[in-house]
Amino acid sequence: MCGIVGYVGHRNSTEILLDGLRRLEYRGYDSAGLAVLGGRGVTIVRAQGKLKALEEKLKQHWPQGPLGIGHTRWATHGRPSETNAHPHQAGPIVLVHNGIIENYQELRHFLAKKGHTIKSETDTEIVCHLIQQRLYDGLSMEQAFHHVLGELRGSYALVVMNTNEPGRLYVARQGSPLVIGVGKGESFAASDVSAFLPYTRQAIFLEDNDWGMLSASQAVFYDRKGNRVKRPLKKIVWNQTQAEKGGFKHFMLKEICEQPRILMDTLANRTVEKQKRVFLEGVAKVLKGKFPYNKIYIIACGTSYHAGLVGKYLIEEMARLPVMVDQASEFRYRRPIIDRRTLLIAISQSGETADTLAALKEAKSQGAKIISICNVIDASIPRASHATLYTRAGPEIGVASTKAFTTQVAVLILLALHLGRGQGKISSGFVDEAISALLRVPSQMEWILKRSKSIEAMAKKYAKRSSFLYFGRGVNFPIALEGALKLKEISYIHAEGYSAGEMKHGPIALIDKGMPVVVLAPQDKTYEKVLSNIAEVKARGASVIAVGTEGDRELARHVDDLLLIPPAPWYVTPLLESIPMQLLAYHMAICRGTDVDQPRNLAKSVTVE
Ligand code: F6R
């Protein structure tokens with residue numbers, strides 16, 4: 001996730017771009033840059049690090065010109081560096097991009113054959129060269145842009161300048177947000193409206209596959225086929241903070257709701273339908289050939305630890321390899337048996353968690369091979385690992401982790417499929433089905449999100465309760481732990497997660513009349529057993545809130561409240577169940593008036609022991 005902004009009008013664009021980038025910095029902050037076209041041609045200034053570094057550089061030379069584009073980066077392809085920072089340029093084409101170009105390797109080869117020299121490691125730079133190539137081929141700028149959009153696979157929001165066309169910006173959107181601001185004698189393009197709210201409240205929200213041109217006085221849009229389209233002009237009534245949150249009340253809610261799109265990014269160029277395999281570029285070397293390890297440790301903290309627990313079920317079932325999952329803070333202070341045949345998987349959103357980093361380093365010093373699953377590119381944990389699989393969730397601002405968790409689980413599913421295939425324990429047909437199931441998840445998540453009103457109502461009903469139990473079996477057990485953690489973190493309600501089978505060994509003593517018990521009950525191999533567990537707690541007076549499969553009438557008869565997920569294979573259900581768990585915690589917190597995005601006593605990244 002990056003922030004992009006473009007301006008064409010009557011003012012000097014440097015001030016406007018910088019101001020916009022400041023408001024977009026929450027979308028990414030590992031490097032930033034801008035390009036301004038004025039009387040003396042184009043000036044491009046880029047810097048690694050936060051926006052402040054770019055501002056420092058600009059003090060030495062403040063570009064002048066009424067046309068410009070800017071970018072604040074969240075690295076996906078290529079580490080954070082000045083060379084990889086946007087804008088990128090090829091001849092007269094200068095552009096900024098947010099998203100992931102899935103077929104960039106293929107396009108890179110094509111461009112290399114045509115004699116283009118690509119300077120950065122990014123997927124973005126190839127788009128400049130492609131447009132330049134189509135201009136060489138004799139197309140007009142408009143034709144070249146349209147043609148290139150047809151060659152790109154993946155997600156993008158693009159804002160492009162041609163230095164031979166002062167006064168014009170080219171824009172396109174597919175899967176990543178792009179909004180146009182319509183001012184008096186000036187136009188803006190940005191990842192969200194917050195970037196231009198001080199200048200105009202008139203906005204046009206582009207739809208997927210839209211592309212077009214902006215000048216100071218006009219905005220023209222086309223669809224994929226090149227037919228002219230009109231998009232409504234909307235008046236923005238949000239204030240600045242709401243705008244950064246995309247109109248959502250909290251970052252947490254925004255992050256919950258963006259999971260369908262984010263998951264597509266996580267899966268992009270790792271799953272190709274009908275290819276019967278997954279592509280895990282980051283770990284290919286470590287996992288190449290015969291699997292040389294005799295055990296796998298997964299270490300992590302908090303929510304990432306719960307993702308690790310899901311990983312254990314996945315890898316053991318699909319690859320038949322032994323997996324031990326440890327909280328990093330425990331792992332580092334015992335004497336785990338580690339040698340050169342140990343594979344250690346460290347999971348961390350931030351990549352900076354002190355316990356996870358220390359445990360990883362300890363295991364590495366004893367000869368373990370380290371793979372990390374991380375969200376922040378080039379953070380300490382990936383740097384200390386032999387290989388990393390990035391989750392590509394974009395910056396997570398809400399302290400309670402949501403999209404980072406589901407993307408970690410998605411990556412673990414891919415890893416389990418890869419290992420399972422490598423071990424010869426699952427067929428290519430199974431992998432094929434799993435890929436199709438994974439690619440259905442974003443739309444299934446949308447389906448759940450559309451029904452979230454009922455969760456709001458349910459939260460009101462239970463918000464005054466002081467204690468909750470969460471039960472799940474098999475791969476759903478870690479989701480019970482995670483659901484309980486979400487609830488306590490943001491609503492401060494006491495909640496415990498248990499494996500449903502463990503209930504009779506103690507926790508059942510807690511149940512009395514009206515005690516809310518959340519039960520994960522999808523129709524998998526543990527379903528019958530979970531139904532019995534529900535009967536047992538109901539018999540003791542519990543109010544059961546179940547998460548079950550759409551169309552499950554039997555379950556509906558036995559529970560007080562039912563949250564539905566669409567039918568899916570067992571290994572995919574954790575991704576779907578997570579959404580009602582997150583929404584339930586969120587709405588409970590709202591009912592209790594707590595600080596959802598910054599709950600008391602917590603920090604987003606725990607960099608001390
Ligand atoms: C809970 C949460 C924390 C983190 C934990 C590890 O919502 O966010 O429990 O999961 O502090 O952080 P990372 O994943 O950054 O290592």
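The values are calculated or read from the model by the stated rules, or taken from the named source; none is laboratory data. Fair warning: this is a prediction, and the values are worked out from it, not measured in the lab. Cβ placement follows ideal geometry from the backbone for every residue including glycine, while neighbour counts extend to all protein chains displayed. In case anyone asks, the SASA skips ligands and DNA or RNA and just uses the protein heavy atoms, side chains included. Shrake-Rupley method; radii C 1.70, N 1.55, O 1.52, S 1.80 Å.
Data table
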{"item": "Checklist (1) within 18 Å of F279 (Cβ to Cβ); (2) away from the ligand (no atom under 16 Å from the Cβ) applied to V411, failing item", "result": "(2)"}
{"item": "Those residues of the stretch 265-283 which are outside any loop (DSSP other than H, G, I, E, B) and either of a type outside the set (A, V, I, L, M, F, W, C) or under 16 Å from S428 (Cβ atoms) (or both), in sequence order", "result": "D265, T266, T271, V278, E281, G282"}
{"item": "Filter pass, P574 being in a helix (DSSP H, G or I) and farther than 23 Å from L510 by Cβ", "result": "yes"}
{"item": "Selection from the stretch 454-463 of residues that are over 19 Å from G497 (Cα atoms) and surrounded by fewer than 20 Cβ atoms within 10 Å (Cβ to Cβ)", "result": "S454, E456, A457, K460, K461"}
{"item": "Qualifying residues in the stretch 301-337 (those that are within 16 Å of the ligand (Cβ to nearest atom) and hydroxyl-bearing (S, T, Y)) - the one modelled with the lowest pLDDT", "result": "S329"}
{"item": "Any chance P395 is under 18 Å from E281 (Cβ atoms) and open to solvent by less than 20 Å² (accessible area, probe 1.4 Å)", "result": "no"}
{"item": "Matching residues in the stretch 186-223 - criterion: being small (G, A, S) and over 25 Å from the mean Cα position of the chain (by Cα)", "result": "S187, A203, G212, S215, A216, S217, A219"}
{"item": "Of all residues making up the stretch 365-396, the number that are under 20 Å from the mean Cα position of the chain (by Cα), among the small types (G, A, S) and either under 23 Å from V323 (Cβ atoms) or within 12 Å of the ligand (Cβ to nearest atom) (or both)", "result": "5"}
{"item": "Residue list for the stretch 351-364, restricted to those being out of contact with any Lys or Arg (no Cβ under 7 Å at 6 or more places or on another chain) and within 14 Å of the ligand (Cβ to nearest atom)", "result": "G351, E352, T353, A354, T356, L357, L360"}
{"item": "Residue selected from the stretch 553-584 under the condition open to solvent by 10 Å² or more (accessible area, probe 1.4 Å), touching a residue at least 12 places away in the same chain (Cβ under 8 Å) and more than 28 Å from the chain's Cα centre (by Cα), by the criterion nearest to H250 (Cα to Cα)", "result": "D561"}
{"item": "Residues that are open to solvent by less than 10 Å² (accessible area, probe 1.4 Å) and within 14 Å of the ligand (Cβ to nearest atom), drawn from the stretch 585-607", "result": "A585, Y586, A589, V596, P599"}
{"item": "Meets criteria (within 16 Å of the ligand (Cβ to nearest atom), closer than 27 Å to S499 by Cβ and not assigned by TED's automatic domain parsing to the domain that holds T549) for F430", "result": "no"}
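For (1) part of a strand (DSSP E or B); (2) over 16 Å from Y156 (Cβ atoms); (3) open to solvent by less than 10 Å² (accessible area, probe 1.4 Å); (4) charged (D, E, K, R), each residue gets a yes or a no:
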residue	(1), (2), (3), (4)
L58	no, yes, yes, no
G68	yes, yes, yes, no
S81	no, yes, no, no
N84	no, yes, yes, no
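Conditions tested, residue by residue: (1) part of a helix (DSSP H, G or I); (2) assigned by TED's automatic domain parsing to the domain that holds S31; (3) open to solvent by 10 Å² or more (accessible area, probe 1.4 Å).
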| site | (1), (2), (3) |
| --- | --- |
| A112 | yes, yes, yes |
| S120 | no, yes, no |
| R134 | yes, yes, yes |
| G167 | no, yes, yes |
| A189 | no, yes, no |
| L197 | no, yes, yes |
